[in-house]
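Written below as structure tokens is the structure these notes are about.
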Amino acid sequence: MTPPELRNLLADSLAVWGVAGRITVSGAGVVVAAAGHELRILPAERPLRWWLERPGQRRPYPGTVGLLRGLRNALGAGDGQPVRLRVSPAAGA
Amino acid sequence: MTARIPVGVLTGFLGAGKTTLLRRILRDPAWADSAVIINEYGEVPLDHELVAAGDETFLSLATGCLCCVMRSDLTETLLGLHRRRAAGEIPPYARVLIETSGLADPAPILHALMLEDVVTATHALHAVATLVDAQHGMAALDRHPEAQRQVLLADRLLLTKPDLAPDTAALEARLHALNPAAPMRAAIQGAVPPGWVFAAGQHAADPAALAAWLEQAGSAARHSDRIATMVIERAAPIPAMALTLWMQALAEHAGPKLLRLKGLVALAETGTDRPAAIHAIQHVVHPLEWLEAWPSADRRSRIVLIGQGIPRHWPARLLAALEAEVVEESERLSAPR
């Protein structure tokens, strides 16, 4: 995901959570300014995918789903309703 | 005078189980000779493809909602079917079943069926059956005036998915208060006799009074501006893991705002031989359902979401990100070390 694509996805995500904020591309990542926080999201080396940085803390995420959950929690925008699904690739399974 | 063709209307808010019931009815040999008209509120017709395929008495009205712009289309569709039936171009169906959009106020539809002379000369409205989701019905009634109107106009009320709601007493009381005249029963997966759902002669006990009400209610029919339909199409099959993560994320982050999700999907792991049907209502995601075959030669994955307050591009952006992520991860793991 390119930084502009990440910016667009996260901007939409803020809207879904009902959080007003601003997201700007910064280098290889983005800066999220919302709910009184300023957070930086940067790509990570595999097997990780993202770093979510805030003052005094740097947390890794192996995927975008985890990043969304982490960002939402960091912004205090609610917990959502986590669900576990199984999409079986075997027809009839 | 030739006997008029009975018409049954199946309504109910998004996700109430109309398509499931319709599929079940059409599997009943005594009801298989039904012409079906499905009105969908989406950019891409989908509901009808979840019901059946290749039947020339199966029509989809997909340009909008009957209650807003398509009353004349319904009239033309009914009459067109009737002409083709009379000419022997299509099987001599015994009745017409109309499945409304989940967002439709049925009043203008009934108005057309009862008051358009060209329609009433050849068709007779028999019954309006309204499905109410036992799990989400109360919330729909709270938030959507269309849902209330669907209940108000019912001849039969069918409480669906009672197995997902342990206590339906409050909902049943509310439905009874809204429409005390309509018999009500509960059914799982559409397991109810079609003859009960579309019992003949249930409607139009007082056509004039109802017509007056329809005129008034129909003039105010509209969709909420906050409800939007989003369509995602994919030519290439979607990795099962990406689909799983996507639906989990939708349910987690947009659950209450996700009114409905339906899709026909080709998974990367199984190819395009058999599509999978996906369904979700708010944060409740139904198990994947495999269909025997694609309904047409078009084997693209198509997913339709109806949401309230969901940014228009968010679902597609999220799916694209997850697809890329899953593909890249798969390539990384399979690369020689």
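When residues in the stretch B:284-332 are screened for being surrounded by 18 or more Cβ atoms within 10 Å (Cβ to Cβ), in a strand (DSSP E or B) and more than 8 Å from chain A (Cβ to nearest Cβ), 8 of them pass. Of the residues making up the stretch B:233-277, those that are within 7 Å of another protein chain (Cβ to nearest Cβ) and among the acidic types (Asp, Glu) are B:252, B:269.
Please go through the stretch B:98-121 and give me each residue that is modelled with pLDDT of 85 or more and surrounded by 24 or more Cβ atoms within 10 Å (Cβ to Cβ), ordered by number.
Of everything in the stretch B:98-121, those that are modelled with pLDDT of 85 or more and surrounded by 24 or more Cβ atoms within 10 Å (Cβ to Cβ) turn out to be B:98, B:99, B:100.
The values are calculated or read from the model by the stated rules, or taken from the named source; none is laboratory data. Computed from a predicted model, the values in this text were never measured in an experiment. When we count neighbours, we look across all protein chains shown, and the Cβ atoms used for this are built from the backbone with ideal geometry, even at glycine.
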